[in-house]
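Read the structure below first, then the notes.
Readers should treat all values here as calculations from the given coordinates under stated rules, not as data from a laboratory. In this text, all values refer to a predicted model and were calculated from it rather than measured experimentally. Virtual Cβ from ideal backbone geometry, glycine too; neighbours counted across all protein chains shown.
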Amino acid sequence: MMQQFFQLPVFGVFITLIAYFLAVKLRKKWNYVLLNPVLIAIAGIIGFLLIFRIDFETYNVGGKYVSFFLGPSVVALGVFFYEKYEEVKQNLKIFILAVLAGGITGVLSVIGFLLLLKAPEVITRSLAAKSVTTPIAIEITRLLNGIPEITAGIVIAVGIFGNAFGPFILKKSGIKSKIAIGTALGTAAHGIGTARAFEEGKLQGVYSGMAMCLNGIITALITPYLIELIF
Amino acid sequence: MLKSLLYIFGFLIVGEFVSWLFQLPVAGNILGMLLLFIALKLQLLNLEDVKPASDKLIKYLVVFFIPYGVGLMVHFNLIAEFWLPITVAVIFSSILTLYVTAKILEKSGK
């Protein structure tokens, strides 16, 4: 009986919005990196669905209306990229080279480690794009015949890892340049890493935002070919 | 706002069309992003004409992928079975990515 009600699209839309709204409030109260609003919202919704025995498919009748906006949001990243690009403009060759090298390292190393540790092929296909912003990673995984939902979960985890430990790891490795720190955070940990880069400083943030977009493009272009070479 | 939204969806549909027409191994929305960046750079388009909608979309980008994150519950068993290789691979790969990217810029003296 209730199941029929939950299948109304408004249920999925409403629970998504309210979960995020509450998660943001929680974050404002306790500013702690593991209280990432997206992570809390997802965990909250999963908990709710499990308690009330609602299938993911039932929730996603409405959820689809929310995730539809990922498509136009990826296009909007083009505008974001352009604005950041206009802010720096000068001498981008080394920057592009660094993101290219970092991006390829990210894809190849995660594939290599997973092969070495004998993870199933579908997991490797789902994690190849783990460093890039979630909407782009989802598209890449779909093309590679991986599982986009696994990609989304892991990509968020990667972002939180980079946000929490990225600057520490870089400083321990002897990196001092602000541009290097920003670019590395955006390349390895996309938007969630970029949020941390902005906390470190404006320059770090701008380079991180640019690196996030550029690595999204690079990874989208090269990963299908790399995967085809391997499998 | 309406005009900027129209531009965003316009570039999206052009991207999807190009990807479909040539059967490219790149998603239409990624092509749309590239085309929009190029159009702005060549000044075929004013930033003010697309900014209102794109700023709003970027601001709420994280909300739009929540349903995918929730979908993780369907694959819980797969993740539970392989959580160790996944964790190890993802952490070491992320550290390598951070290091390689930063080292190149640090060495160039930027």
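Here are the numbers for this structure:
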{"item": "Reciprocal of mean inverse Cα separation for the protein assembly as shown (Kirkwood radius, Å)", "result": "20.1"}
{"item": "Aspartates and glutamates whose Cα lies under 13 Å from that of A:Lys118, excluding same-chain neighbours fewer than 8 positions away", "result": "B:Glu81"}
{"item": "Cleavage-rule hits (chymotrypsin sites (Phe, Trp or Tyr not before Pro)) in segment B:4-110: DSSP loop, at most 16 neighbouring Cβ within 10 angstrom", "result": "B:Phe22, B:Tyr60"}
{"item": "A:Tyr225/A:Lys25 FRET efficiency (R0 35 Å; Cβ-Cβ; nearest 0.05)", "result": "0.20"}
{"item": "Distance histogram in 10 Å bins (all Cα pairs of chain B, percent per bin)", "result": "12, 23, 27, 30, 9, 0"}
{"item": "Out-of-range pairs (alpha-carbon distance over 22 Å; input A:Lys29/A:Lys178; A:Lys89/B:Lys107; A:Lys176/B:Lys107)", "result": "A:Lys29/A:Lys178"}
{"item": "Cβ-based net charge around B:Leu47, under 14 Å, with every Lys or Arg adding one and every Asp or Glu removing one", "result": "-2"}
{"item": "Extreme residue, positive dipole direction of chain A, given options A:Thr141, A:Gly62, A:Leu92 (C-beta unit charges)", "result": "A:Leu92"}
{"item": "Cβ-derived FRET efficiency at R0 30 Å, A:Glu57 paired with A:Arg142, nearest 0.05", "result": "0.95"}
{"item": "Principal-axis tilt of helix A:93-116 within chain A, Cα atoms, nearest 10 degrees", "result": "50"}
{"item": "Diffusion coefficient, µm² s⁻¹, Stokes-Einstein with Kirkwood Rh over alpha-carbon pairs of segment B:1-64 at 4 °C and 1.567 mPa s", "result": "106"}
{"item": "Inter-part distance where segment A:59-75 and segment B:25-74 are each reduced to a Cα centre, Å", "result": "12"}
{"item": "Debye intensity ratio I(q)/I(0), log10, segment A:79-231, q values 0.09 Å⁻¹ (C-alpha model)", "result": "-0.26"}
{"item": "Calculated FRET value between A:Glu87 and A:Ser173, using beta carbons and R₀ = 41 Å, to 0.05", "result": "0.95"}
{"item": "Helix axis angle, A:202-230 relative to chain A longest principal axis, alpha carbon, degrees", "result": "80"}
{"item": "All Cα pairs of segment A:143-226, percent lying beyond 20 Å", "result": "34"}
{"item": "Relative contact order for chain A, counting Cα pairs under 8 Å that sit 6 or more residues apart, in percent", "result": "18"}
{"item": "Amide N proximity, segment A:116-140 versus B:Leu84 label position 7 Å along Cα-to-Cβ, cut-off under 16 Å", "result": "A:116-120"}
{"item": "Net charge over other residues, Cβ less than 14 angstrom from the Cβ of A:Val107 (K, R count +1; D, E count -1)", "result": "+1"}
{"item": "Residue-averaged [θ]222 nm for chain A, counting only DSSP H segments that reach four residues, each worth -39500 (n - 2.57)", "result": "-27500 deg cm²/dmol"}
{"item": "Segment A:1-40: chymotrypsin sites (Phe, Trp or Tyr not before Pro) in DSSP loop, at most 15 other beta carbons within 10 Å", "result": "A:Trp30, A:Tyr32"}
{"item": "Size of segment B:68-110 as Cα extents on the principal axes (Å, biggest first)", "result": "47, 22, 6"}
{"item": "Degrees between helix B:47-59 axis and first principal axis of chain B (Cα, 0 to 90, nearest 10)", "result": "30"}
{"item": "Local electrostatic count at B:Thr87 - Lys and Arg +1, Asp and Glu -1, tallied over other residues with Cβ under 13 Å", "result": "0"}
